[in-house]
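The values are calculated or read from the model by the stated rules, or taken from the named source; none is laboratory data. The structure displayed is predicted, hence computed values, not measured ones. Here the Cβ positions follow ideal geometry from the backbone for every residue, glycine too, while neighbour counts run over all protein chains shown.
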Amino acid sequence: MAAMTTVLTDYSSNGNSQTWSLPGHSNKQLQLVTQQRKPAGDNGSVHQDTFRVKIATVDASGNVLPALFACDINLRQPLDGAQVDKDLMLAFIRDLVASDEFAAAWNASTPIS
């Protein structure tokens with residue numbers, strides 16, 4: 001796999017939650033990524049990671065909008081699941097997000113076609 005090219009800077013940490021700031025982050029214009037972990041508990045054998053990206057945006061006049069661009073990736077993995085299936089899931093997510101179809105759907109707010 002290729003290394004991530006975005007440089008993350010530690011922002012905060014609280015137990016099973018870690019937040020990093022992205023380049024360009026400021027108090028007025030948030031640019032953050034958070035990983036929240038839910039380790040498998042005694043009553044289940046599924047581990048869960050949620051990655052949340054939040055990026056502030058501005059209007060045509062340059063005013064910061066109260067609404068943010070946001071994306072959540074929620075990954076659940078049975079601890080006894082086959083590694084080949086885990087690898088397949090990761091490969092598909094990477095293929096989906098890197099695809100022209102995904103970009104077109106995101107930019108037009110339409111289903112992937």
Q.
in contact with a helix residue (DSSP H, G or I) (Cβ under 8 Å, 6 or more places away or on another chain), of a type in the set (A, V, I, L, M, F, W, C), touching a residue at least 12 places away in the same chain (Cβ under 8 Å) and within 25 Å of Val97 (Cα to Cα): which single residue out of Ile73, Ile55 fits that description?
A. Ile73
Q) Would you call Thr57 of a type in the set (S, T, N, Q), over 21 Å from Ala2 (Cα atoms) and in contact with a strand residue (DSSP E or B) (Cβ under 6 Å, 6 or more places away or on another chain)? A) yes
Q: Output the residues belonging to the range 71-97 that are of a type in the set (Gly, Ala, Ser) and surrounded by 10 or more Cβ atoms within 10 Å (Cβ to Cβ).
A: Gly81, Ala91
Q | Search result, residues across the range 20-35 that are surrounded by 13 or more Cβ atoms within 10 Å (Cβ to Cβ) and more than 15 Å from Ile73 (Cβ to Cβ) | A | Ser21, Leu22, His25, Gln29, Leu30, Gln31
Q) What number of residues within the range 88-102 satisfy the criterion of being closer than 19 Å to Met4 by Cα and of a type outside the set (Val, Ile, Thr)? A) 9
Q: Sort through Phe69, Phe92, Phe51 and tell me the only one that's in a helix (DSSP H, G or I) and modelled with pLDDT of 95 or more.
A: Phe92
